[in-house]
Structure formats: structure tokens, C-alpha cells
Amino acid sequence: PSGQPAPDMSVNGVDDLLVLPADDSFVTATVSLDSNGVSDYADYLVAAYNGSSIYTLYSSTMPVTDIAPTTIVATALPPGPWVFVFALDMTPDAIQAFEIYDYVYVWVQPTGMSSLQAPDFGALIDGD
């Protein structure tokens, strides 16, 4: 929306669901940010979720500013469901209440499993 920062997360250039075979699971996660003229301070978080594990790739409090596409991680992933998130909390208080975010689902297929057997990513995020 206009007047709010607009974070963008992509993995291998994909912005929604990326499906990879286990033997070719190298990913490059990239973030960018359009500040939309906002210059307030915010809590930033870039993270990867895999089941009950959260991997913080970047966390900071700083002014909102435009960020050109920047690679945040480049690695091979083990099989399973992953969610990469770039989020902003416009109340910089170190309490994680990220109301502005973008995310990409990544499904690294275990050997012998088809993409039709991908997990319920909504449950992965919500913990349901």
C-alpha cells in the first residue's frame, strides 16, 4: 500500500512457491525494500523457517530506507518445507510484531517424493 514500506523477498528469483529436487537444492535468497518515502525507525527481520526451527539471517533496528536487491544467503537446503521472510515492525521496540512482510515458500522434495505431496505451508507459518 502507498505510504508503507514495501519489502520484497525472492528465492532464486521466485516470489511465491519454489519447488526444488533434493539433489539440486541450492538457493539464493534476495531482499529489497521500497521505503515509499517512509524514514521512521523500524525493526527488521530476515529469517528462514523450517518446521519448528527459526533461522535468523538478519535482525536490526534502523531507519527505513530503500534497499537495492541484496543477497542475504546462498546455500543448499536440506529436504523439507522452508519459508523465507523479510519483515518490518514499524514500532521499533524489539518485540516481534512484524506487520509488514513478504515471504517465499520453498519445498525441497525428499528423494522419491513428488511435488504433489508438498506440505500445508499455511500450517507451517501458523503453527497449526
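Within region 48-67, the residues that satisfy the criterion of being open to solvent by less than 90 Å² (accessible area, probe 1.4 Å) and touching a Ser or Thr at 6+ places or on another chain (Cβ under 6 Å) are Pro63, Val64, Thr65, Ile67. Does region 1-12 hold any residues that are under 16 Å from Thr75 (Cβ atoms) and either open to solvent by 40 Å² or more (accessible area, probe 1.4 Å) or at pLDDT below 95 (or both), and which are they? Residue satisfying the conditions is Asn12 alone. Test each condition in (1) modelled with pLDDT of 95 or more; (2) assigned to a strand (DSSP E or B) for Thr65 and report the one that comes out false. The single condition Thr65 does not satisfy is (2).
Evaluating Leu17 against the criteria (1) touching a residue at least 12 places away in the same chain (Cβ under 8 Å); (2) open to solvent by less than 70 Å² (accessible area, probe 1.4 Å); (3) among the hydrophobic types (A, V, I, L, M, F, W, C) leaves one unmet condition, (2).
Restricting Ser39, Ser115, Ser59, Ser32 to residues that are modelled with pLDDT under 95 and within 17 Å of the chain's Cα centre (by Cα) narrows the list to Ser59.
The values are calculated or read from the model by the stated rules, or taken from the named source; none is laboratory data. Given the structure is predicted, the values throughout are model-derived calculations rather than measurements. With ideal geometry, Cβ positions are generated from the backbone for all residues, glycine too; neighbour counts draw on all protein chains shown. Accessible surface is based on the protein model in full, side chains and every heavy atom, while ligands, DNA and RNA are left aside. Shrake-Rupley method; radii C 1.70, N 1.55, O 1.52, S 1.80 Å.
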